[in-house]
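All remarks here apply to the structure that follows.
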Amino acid sequence: MGDLPTSRPGDVTVLDMEASIEHLTRGTVRNVDALLVVVEPYYRSLETAGRTVPLAHELGLEQVWIVANKVRAAGDEAAIRAYCAQRGFEVVGLVPFDESVVEADRQGRALIDSAPAAPAVGAIVALADAVAARLGPPVPSGG
Amino acid sequence: MRLAVAGKGGSGKTTIAATLARLYARRGYRVNALDDDPNPNLGVAVGLTADQVAQLRRVPREEIVEERLDLNGQALPHLTRPFDEIVREYDVTGPDRVAVLTMTGLLGAGKG
């Protein structure tokens with residue numbers, strides 16, 4: 001898909017993508033500055049990311065980063081970081097397992113409205129900071 | 001800044017994408033949240049009301065996209081109208097003025 005809003009200062013596009021990697025195409029990635037691949041701390045999720053990341057690179061997307069989600073224990077984090085380190089994947093965010101997310105879903109509400117002080121929200125704030133720092137967008141337009 | 005968020009169903013990608021959208025909007029960015037998932041839930045996760053979700057119309061592929069061949073002879077979908085026009089016509093504006101669009105199937109390979 002061509003001509004998504006280009007990186008105009010002050011614009012952000014967040015694209016919630018198809019889950020399956022077959023739907024990543026050269027057409028999609030050419031319009032994306034960075035791909036966040038969300039993984040959970042279990043083998044099949046990591047293996048899927050293990051295929052998605054190189055595919056995205058092959059299609060010409062350089063900035064492909066891992067976000068670890070639903071992390072419950074130190075062992076989860078260690079396993080994800082080890083897996084990523086072995087493959088040269090960069091982890092840019094780590095979001096803890098958080099019942100607030102389940103509850104927001106149950107209520108049909110946005111997490112940030114349902115539980116603004118939840119640990120998961122704080123972790124996503126840190127993720128927003130990390131991504132913005134890497135992509136270096138200019139000061140927002142205030143629009 | 002154009003971010004794509006991918007992951008298996010149930011991984012939490014929609015919650016993360018939606019929360020990022022709201023956060024960047026609060027920082028002053030003009031945010032478009034595009035839902036390419038076959039089960040479009042991004043609107044709810046961004047904070048649209050039930051009425052607003054009911055207003056969401058999938059952007060019609062035929063109206064918007066035409067295939068063109070790139071230099072390698074590969075078909076690449078292109079917009080036939082400026083993206084801003086598409087946003088104005090099809091978006092539903094949620095909290096923090098995040099513009100939500102449902103684009104299921106428009107951004108992948110061989111989808112109709």
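Rule-based calculations on the coordinates, nothing more; no lab input. This is a predicted model, so every value here is computed, not measured. Cβ coordinates were reconstructed from backbone atoms using ideal geometry, including for glycine residues, and neighbour counts include every protein chain displayed.
Derived scalar couplings between HN and Hα for region A:64-78 equal 10, 10, 9, 10, 7, 10, 6, 7, 9, 9, 4, x, 4, 4, 4 Hz in order, rounded to whole Hz, by the Karplus curve 6.51 cos²θ - 1.76 cosθ + 1.60 (θ = phi - 60°), x for Gly and Pro. In order along region B:80-96, the Karplus-derived 3J(HN,Hα) couplings, from 6.51 cos²θ - 1.76 cosθ + 1.60 at θ = phi - 60°, round to 9, 10, x, 4, 4, 5, 5, 4, 4, 7, 10, 7, 10, 8, x, x, 6 Hz, and Gly and Pro are given as x. Need one word for region B:13-102: rounded, prolate or oblate. Basis is the Cα gyration tensor (sqrt eigenvalues a ≥ b ≥ c); a/c below 1.5 gives rounded, then a/b vs b/c decides. Since a/c reaches 1.5 and a/b is larger than b/c, the shape of region B:13-102 is classed as prolate.
Under a 5 Å amide H cut-off, with hydrogens placed 1.01 Å from N, A:A115 pairs with nothing among residues at least 5 apart or on other chains. Its Kirkwood hydrodynamic radius, worked out from the mean inverse distance over all distinct Cα pairs, puts region A:31-141 at 15.0 Å.
Neighbour counts of C-beta atoms inside 10 Å place B:D35, A:D33, A:D113, A:D105 in the sequence A:D113, A:D105, A:D33, B:D35, starting with the fewest.
Exposure proxy ranking for B:T19, A:T48, based on other Cβ atoms within 10 angstrom of each Cβ and starting from the fewest, stands as A:T48, B:T19.
Once backbone amide H atoms are built at 1.01 Å from N, B:R30 has A:D11, A:V12, A:S141, A:G143 as its partners under 5 Å, excluding neighbours fewer than 5 places away on the same chain.
Would you grab the residues whose amide H sits under 5 Å from the one on A:V71? Only those 5+ places off in sequence or on another chain, please, with H modelled 1.01 Å from N. Close amide H contacts, sequence-distant or interchain: A:V95, A:F97. Normalised by 2.2 N^0.38 Å, where N counts its residues, the alpha-carbon radius of gyration of region A:21-88 equals 1.13.
Taking θ as phi - 60° and the Karplus parameters 6.51, -1.76 and 1.60, the scalar couplings of region A:124-129 work out to 6, 4, 4, 4, 4, 4 Hz in sequence order, x denoting glycine and proline.
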